[in-house]
1. Restricting the search to the range B:54-89, which residues are farther than 14 Å from B:PHE33 by Cβ, polar (S, T, N, Q) and either in contact (Cβ under 8 Å) with a residue 24 or more places away in the chain or crowded, with 18+ Cβ neighbours inside 10 Å (or both)?
2. Out of the residues in the range B:90-114 that are hydrophobic (A, V, I, L, M, F, W, C) and closer than 22 Å to A:ASP56 by Cα, state the one that is surrounded by the fewest Cβ atoms within 10 Å (Cβ to Cβ).
3. At least 3 residues that are surrounded by 21 or more Cβ atoms within 10 Å (Cβ to Cβ) and either over 13 Å from the mean Cα position of the chain (by Cα) or charged (D, E, K, R) (or both) in each: list the strands (runs of 3 or more DSSP E) lying fully within the range A:1-108 that qualify.
4. Among the residues that make up the range B:14-25, is at least one of them modelled with pLDDT under 95, in contact with a Pro (Cβ under 6 Å, 6 or more places away or on another chain) and either within 27 Å of B:GLY96 (Cα to Cα) or of a type outside the set (Ser, Thr, Tyr) (or both)?
5. Can you tell me which residue in the range B:46-105 is farthest from the other protein chains (Cβ to nearest Cβ), limited to those that are farther than 16 Å from B:LEU21 by Cα and aliphatic (A, V, I, L, M)?
6. So which of A:GLU68, A:GLU14 ends up being away from chain B (no Cβ under 14 Å) and free of Cβ contacts under 8 Å to residues at least 40 places away in the same chain?
7. Filter the range A:81-113 for residues that are within 16 Å of A:GLN37 (Cα to Cα), more than 8 Å from every other protein chain (Cβ to nearest Cβ) and in contact with an Asp or Glu (Cβ under 7 Å, 6 or more places away or on another chain) and give the result.
8. Taking the condition of being more than 13 Å from the chain's Cα centre (by Cα) and either touching a residue at least 60 places away in the same chain (Cβ under 8 Å) or over 30 Å from A:CYS92 (Cβ atoms) (or both), how many residues in the range B:33-53 meet it?
Amino acid sequence: EAGVAQSPRYKIIEKRQSVAFWCNPISGHATLYWYQQILGQGPKLLIQFQNNGVVDDSQLPKDRFSAERLKGVDSTLKIQPAKLEDSAVYLCASSLASGYEQYFGPGTRLTVT
Amino acid sequence: DQQVKQNSPSLSVQEGRISILNCDYTNSMFDYFLWYKKYPAEGPTFLISISSIKDKNEDGRFTVFLNKSAKHLSLHIVPSQPGDSAVYFCAAVARGSTLGRLYFGRGTQLTVWP
């Protein structure tokens, strides 16, 4: 069974530029999550989708971050404009249902200079 | 507000001995707990979990213990192997809530030396 796929794996941009990350979850997983992991900390949930609807985006900085999950499968996370403090690993995860074991992709390491 | 805490950032253990990783939580609504292991440049991988109706769950070399009254759980690895060297994250969720959000600790770097 294929795991969660993410791209790109690494991205370096200058502040005020925009960037987008892509995620393809495990087939059949209805719930998809985007996390931000800053160095030395645990992953922090940014947004959770159930199929293509948003369940929880309370921790998403909506002035600069946006995410969508069209057709309830793939998802993209966008940052526009980026700030220095956005430097982190962005992890995508999926699960069969909310509250159960989540399976993570390899992450995208973003560096904002 | 850190609802899940891993107070030891690192642990070093000799191969063959027991590794004990600790985790504390503050939210009494949490009813399901998970441990994830993370290697460099990879995403976290699910290791073992425990429901709040149990106090112990075992899977091979890995055992998780839950003390609800103390709001404390621990992961025991016996015997420890060099391949176990990784960052271990404790996570908790309130399955009864509609959100099902996982709350993670900061992680503990385990190093198993030969």
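1. Within the range B:54-89, B:SER80, B:GLN81, B:SER85 qualify.
2. If we filter the range B:90-114 for residues that are hydrophobic (A, V, I, L, M, F, W, C), which is where we start, we get B:90-94, B:99, B:102, B:104, B:110, B:112-113.
Okay, now just the ones that are also closer than 22 Å to A:ASP56 by Cα, so B:90-94, B:99, B:102, B:104.
Numbers: B:CYS90: 27, B:ALA91: 25, B:ALA92: 24, B:VAL93: 24, B:ALA94: 20, B:LEU99: 14, B:LEU102: 29, B:PHE104: 23.
The residue in question is B:LEU99.
3. Numbers: elements: A:5-7, A:10-13, A:19-24, A:31-37, A:44-50, A:53-56, A:65-68, A:75-79, A:88-95.
Correct list: empty, since no element meets the threshold.
4. The initial filter retains those residues of the range B:14-25 that are modelled with pLDDT under 95, namely none.
No, the range B:14-25 contains no residue that is modelled with pLDDT under 95, in contact with a Pro (Cβ under 6 Å, 6 or more places away or on another chain) and either within 27 Å of B:GLY96 (Cα to Cα) or of a type outside the set (Ser, Thr, Tyr) (or both).
5. Top of the filtered list is B:ILE53.
6. Working: A:GLU14 fails: free of Cβ contacts under 8 Å to residues at least 40 places away in the same chain.
That would be A:GLU68, the only listed residue that is away from chain B (no Cβ under 14 Å) and free of Cβ contacts under 8 Å to residues at least 40 places away in the same chain.
7. Within the range A:81-113, A:LEU110, A:VAL112 meet the criteria.
8. Selection size over the range B:33-53: 1.
The values are calculated or read from the model by the stated rules, or taken from the named source; none is laboratory data. Fair warning: this is a prediction, and the values are worked out from it, not measured in the lab. As a convention, Cβ positions derive from the backbone with ideal geometry for all residues, glycine included, and neighbour counts pool all protein chains shown.
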